[in-house]
Amino acid sequence: MSQIHYGHIFHIAGSPAISESPGALVSIPDGALVLDGRGRIAFCGSRTDIPSEYAAAVVHDHRPGYLLPGFVDTHIHFPQTYAGDSYGGGQLLEWLTQCIFPAESRFADPVFAAAAAAEFCDRRIAAGTTAAMVFGSAFPHAQDALFTETQRRGLRIVSGRGIQTVGPDSAGPLLTSEDDAIRLTRAEIDRWHAADTGDVDTALLHVAVVPRFALSVTTETLKNLGDLYDSVRDRGVYMHTHLNENNRPGTGEVDVTKSTYGVQSYLDTYDGRFLPGSAVGGASLLGRRTVLAHAVHCTDAELARMAETGTSISHCPVSQLFLGSGTMPWRRTVASGVNLSAGTDFGGGDEWLIPRVLGDAFKVHISEDGDAGTSLHPAELLFLGTLGGARALDMEHRFGNFDAGKEADFVVVDPARTPALSAALTTGIRSAEPQLARDQTLFALLLGLRESSVAAVYVQGRHLNP
Ligand code: GUN
Ligand code: ZN
């Protein structure tokens, strides 16, 4: 049965680069989204122009609400569901050792892990996160619970168990042998990759190979993962990890990684060049289904290599503020041509809502020094949280905007549920110039939106139950 949804539509049409997104911004105040019986976009346009063949469709009138593409979170940690706002850690490496490894070890208990999977899906639906790259638990039973619950709720996911073969004492319960690291990862791929439909092109469930970061594995693990990944690339398996997050001189993640491996750049460890002097030791893990979180402190050569291989960055400014990781240089990163998307990095970040990440992206990049500082256009923010995420997950052809034929993932925003948002939208200052007024409205919407404003969430045209 076809459906029609009325509301003020915003989306980034077509397939622009992020810098082209202002020109691709579509705003339809009296909009209609028409879905065919298979949950795909049949029409996106003005309410007065709905094709007559849909006259019998079921109408959902969300006015004066807004319709946005579903939010895509390209970096979020399932085993940190209860670890947001962990105090007592400090910056990255100390926080991991003191707060996060103990928190993630609790997922050894299957009952605890199953409860966390339900909570994690609740939080995703509340935040309108229709698709996510989810950094998984070390424990296979916890990953089984996550995939099972995600499928039951009708959400999209790419996830894989977090692989660790070395670490401090507090990481003990999360570590496996080298052989088990590969065996368990392969078993997860075989069990869950496209398990819902049997076809990666239609599936909601996907698996990734997820070494926690270079410091959690060894040259042997990286060599074996390269072989494994090469053997499953043609099945559409993903790769996900962290890169260049904390650059505290000498003792931070970047310096410790470079000195531990003896490599010239951090990225080399994921690019097959993990032997001393960045000599080649195995296959590269980079590619168009690879998403690297943070990438705050990259060299130009690292950015160029990511762009060349189609690797995407998950930009996580909420987390970078919380962990004191610094600010990704926006202009230099965009100029490299690498694809950018947005990640909450919950619990490194303490927000579940992608628009909160977009708001902090605006604030940190306008605060960059001198000529590096930039006032991001609201269309660039919307791109980052929707179409850029779909591109990072290599599923831009399936969702991320309201182009005809795509699967209908969308969020209904009802400002009346959030008085401050409602007031800003109805009473905020607007330019007499229509295009600037449009941009001002989108900006107020993205920055003022809260979980309370999310009235309904749809994936493939199916309404998800909170
Ligand atoms: N680097 C390695 N593990 C983690 C993690 O759990 N969170 C963040 N933010 N960075 C990491
Ligand atoms: Zn992370």
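The values are calculated or read from the model by the stated rules, or taken from the named source; none is laboratory data. Quick caveat, the model's predicted, so the values are computed rather than measured. Ideal geometry is used to build each Cβ from the backbone, glycine not excepted, and the neighbour counts take in all protein chains shown. For the accessible areas, the whole protein counts, side chains as well, though only heavy atoms, and no ligand, DNA or RNA atoms are used. Shrake-Rupley method; radii C 1.70, N 1.55, O 1.52, S 1.80 Å.
The table below gives the values:
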{"quantity": "Carbon + sulfur, % of accessible area of the stretch 131-220 - ligands and nucleic acids excluded, 1.4 Å", "calculated": "50 percent"}
{"quantity": "Full-stretch length increase - Thr251, Val111 - with 0.36 nm per residue and alpha-carbon distance subtracted", "calculated": "46.7 nm"}
{"quantity": "Arg40, Arg417, Arg191, ranked by accessible area, largest first (probe 1.4 Å)", "calculated": "Arg191, Arg417, Arg40"}
{"quantity": "Theoretical ellipticity at 222 nm over the chain - DSSP helices of four or more residues, -39500 (n - 2.57) apiece, nearest 500", "calculated": "-9500 deg cm²/dmol"}
{"quantity": "Charge dipole (debye, nearest 20) of the stretch 207-304; +1 at Cβ of Lys and Arg, -1 at Cβ of Asp and Glu", "calculated": "200 debye"}
{"quantity": "Where only alpha carbons of the stretch 75-190 are counted, the Rg and the Dmax (Å)", "calculated": "13.9, 39"}
{"quantity": "Stretch gain in nm, segment Ser46-Thr148, where the contour uses 0.36 nm per residue and the Cα spacing is subtracted", "calculated": "32.8 nm"}
{"quantity": "Solvent-accessible area of Cys298 with every protein chain in place, 1.4 Å probe, in Å² to the nearest 10", "calculated": "10 Å²"}
{"quantity": "The chain, dipole about Cα centre (Lys/Arg Cβ +1, Asp/Glu Cβ -1), debye to the nearest 20", "calculated": "600 debye"}
{"quantity": "The chain, accessible area per residue, ligands and nucleic acids excluded (1.4 Å, Å²)", "calculated": "35 Å²"}
{"quantity": "Surface/4 estimate of mean projected area, convex hull on alpha-carbon atoms of the stretch 1-78, nm²", "calculated": "7.0 nm²"}
{"quantity": "By average C-beta atoms within 10 angstrom, highest first, the peptides 80-89, 309-318, 391-400", "calculated": "309-318, 391-400, 80-89"}
{"quantity": "With eigenvalues of the C-alpha gyration tensor scaled by 5 and rooted, the chain, Å", "calculated": "36, 24, 20"}
{"quantity": "Chain lengthening between Val58 and Tyr82 when straightened (0.36 nm per residue, less Cα-Cα)", "calculated": "4.7 nm"}
{"quantity": "Cα pair distances in the stretch 337-466, grouped into 10 Å bins until the bin that holds the longest one, percent each", "calculated": "11, 35, 40, 12, 1"}
{"quantity": "Area accessible to solvent at Arg438, 1.4 Å probe radius, in Å²", "calculated": "50 Å²"}
{"quantity": "The stretch 271-292 versus the stretch 19-68: alpha-carbon centroid distance in Å", "calculated": "43 Å"}
{"quantity": "Percent accessible area from carbon and sulfur atoms, the stretch 284-341, protein chains only, probe 1.4 Å", "calculated": "51 percent"}
{"quantity": "For the stretch 1-149: span of alpha carbons on each principal axis (Å, largest first)", "calculated": "60, 36, 26"}
{"quantity": "Ratio of the Cα radius of gyration of the stretch 173-258 to 2.2 N^0.38 Å, where N counts its residues", "calculated": "1.26"}
